[in-house]
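I have placed the structure first, in the form of structure tokens, so that the comments after it can refer back to it.
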Amino acid sequence: MVDVSQHELVPEHTLLGEAEVEEVLAEYDIERTDLPKLKRRDPAAPDGAEVGDVVKIVRDSRTTDRAVVYRLVID
């Protein structure tokens with residue numbers, strides 16, 4: 001079986017620690033539930049991702065070199 005998370009077209013997905021999550025939420029003045037969602041069973045989700053975790057996704061971008069987005073893991 002192919003591990004999709006290792007494919008060259010899948011951007012880097014990283015689980016954030018609780019302190020990092022609090023910094024992100026404070027920076028954007030939002031609640032955890034305001035974040036876009038990522039299903040726990042998504043093949044690109046990091047190993048060990050649990051419901052309620054926040055994932056940082058770093059993508060290549062034509063305009064800004066790289067784009068950072070955050071997703072809340074749901075079931």
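What follows draws every value from the coordinates through simple rules; no lab data is involved. These figures come from a predicted structure and were not determined experimentally. Cβ atoms come from the backbone with ideal geometry, glycine included; neighbour counts cover every protein chain shown.
Counting other beta carbons within 10 Å of each Cβ, put LEU15, LEU38 in order, fewest first.
Ascending number of Cβ neighbours within 10 Å: LEU15, LEU38.
Give, in nm to one decimal, the length gained when the segment between VAL69 and ALA26 is fully stretched (0.36 nm per residue of separation minus the Cα-Cα distance).
14.0 nm is the gain from fully extending VAL69 to ALA26.
Rounded to the nearest 500 deg cm²/dmol, what is the calculated helix-only ellipticity per residue at 222 nm for the chain, with -39500 (n - 2.57) per DSSP H run of length n ≥ 4? Don't skip to the answer; put the middle values down first.
On the way: 1 runs with 11 residues, N = 75.
Dividing the helical sum by the residues of the chain leaves -4500 deg cm²/dmol.
Can you give me the Rg/Rh ratio for the chain, using Cα atoms for both radii and the Kirkwood formula for Rh?
Rg divided by Rh gives 0.98.
Are there any GluC sites (Glu not before Pro) in the range 11-45 that are in a DSSP loop and have at most 12 other Cβ atoms within 10 Å? List them by number.
On the way: sites: GLU12, GLU18, GLU20, GLU22, GLU23, GLU27, GLU31; in loops: GLU31.
Loop-located and lightly packed - GLU31.
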